[in-house]
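Working notes, beginning with the structure itself.
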Amino acid sequence: MSYKLGEVILSRETIARRVREMAEEIANDNGRDKGLVVVGILTGAAFFLTDLVREMPEDMDVRVDFMSVASYGDSTTSSGVVRIFHDLKSSIEGKNVLVVEDIVDSGLTLSHLIDLLNGRNPASLKVCVLLDKYERRKTEVKVDYCGFRIPDKFVVGYGLDCAGMWRHLKDIKYVIEE
Ligand code: 5GP
């Protein structure tokens, strides 16, 4: 099977506008001097996170850290275990944490990750996703900030890949299977 790029679902302008709104909402909710550790889930969310934090006010206490994880099992089987490939550099104990993910689909990865991070006793833990494929949810995940709800079709660009390709696209596009 081969893949080809389809139509744009979210343009760079639409994404940029929404990212600005989300950053403002997060800054207002969190308070500027309270401190926020923004945890990006590699690799996809790195693109969204770097734009998001640069839209936050300069006087806000923002730290950035990254994690790389994989959820064992697939859409049909889940053991509830997250394997960590790359862990956070700093402790999140007693900190206000915002987990940033590119897309939530079944919800399994994120829900396992939330359990794992909550086990490290942060003061608070919120979740921010750029895209939400809500129709596909298998487990409930509390998403505090969501960029866009999208239909159940595979998308690429702005960090999202298809077998490692197309992360670098500025717009988010559908993929067509041939
Ligand atoms: P979940 O555990 O919520 O099912 O999985 C979320 C992960 O599935 C995302 O981090 C992403 O890697 C992948 N994923 C789900 N839908 C898409 C999609 O439409 N495009 C891409 N590129 N990845 C997706």
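The values are calculated or read from the model by the stated rules, or taken from the named source; none is laboratory data. Quick caveat, the model's predicted, so the values are computed rather than measured. Cβ: placed from backbone, ideal geometry, glycine included. Neighbour counts: every protein chain shown.
Against the test of being surrounded by 13 or more Cβ atoms within 10 Å (Cβ to Cβ) and over 27 Å from VAL81 (Cβ atoms), the options LEU169, LEU125 yield a single qualifying residue, LEU169.
Conditions (1) within 20 Å of LYS170 (Cβ to Cβ); (2) outside any strand (DSSP E or B), marked per residue:
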position: ILE9; (1), (2): yes, no
position: GLU13; (1), (2): yes, yes
position: ALA16; (1), (2): yes, yes
position: VAL19; (1), (2): yes, yes
position: GLU24; (1), (2): no, yes
position: ASP33; (1), (2): no, yes
position: GLY40; (1), (2): yes, no
position: PHE47; (1), (2): yes, yes
position: PRO57; (1), (2): no, yes
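Residue-level check: of (1) surrounded by 14 or more Cβ atoms within 10 Å (Cβ to Cβ); (2) among the small types (Gly, Ala, Ser); (3) at pLDDT 95 or above, GLY94 misses just (1).
Does MET60 satisfy the condition of being touching a residue at least 24 places away in the same chain (Cβ under 8 Å), hydrophobic (A, V, I, L, M, F, W, C) and exposed (fewer than 14 other Cβ atoms within 10 Å of the Cβ)? So MET60 fails the test.
Here's the yes/no breakdown for (1) part of a loop (DSSP other than H, G, I, E, B); (2) touching a strand residue (DSSP E or B) at 6+ places or on another chain (Cβ under 6 Å); (3) away from the ligand (no atom under 11 Å from the Cβ); (4) not acidic (Asp, Glu):
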| position | (1), (2), (3), (4) |
| --- | --- |
| GLU93 | yes, no, yes, no |
| VAL99 | no, yes, yes, yes |
| HIS112 | no, yes, no, yes |
| LEU125 | no, yes, yes, yes |
| LYS138 | yes, no, no, yes |
| VAL143 | yes, yes, no, yes |
| LYS153 | yes, yes, no, yes |
| ILE176 | no, yes, yes, yes |
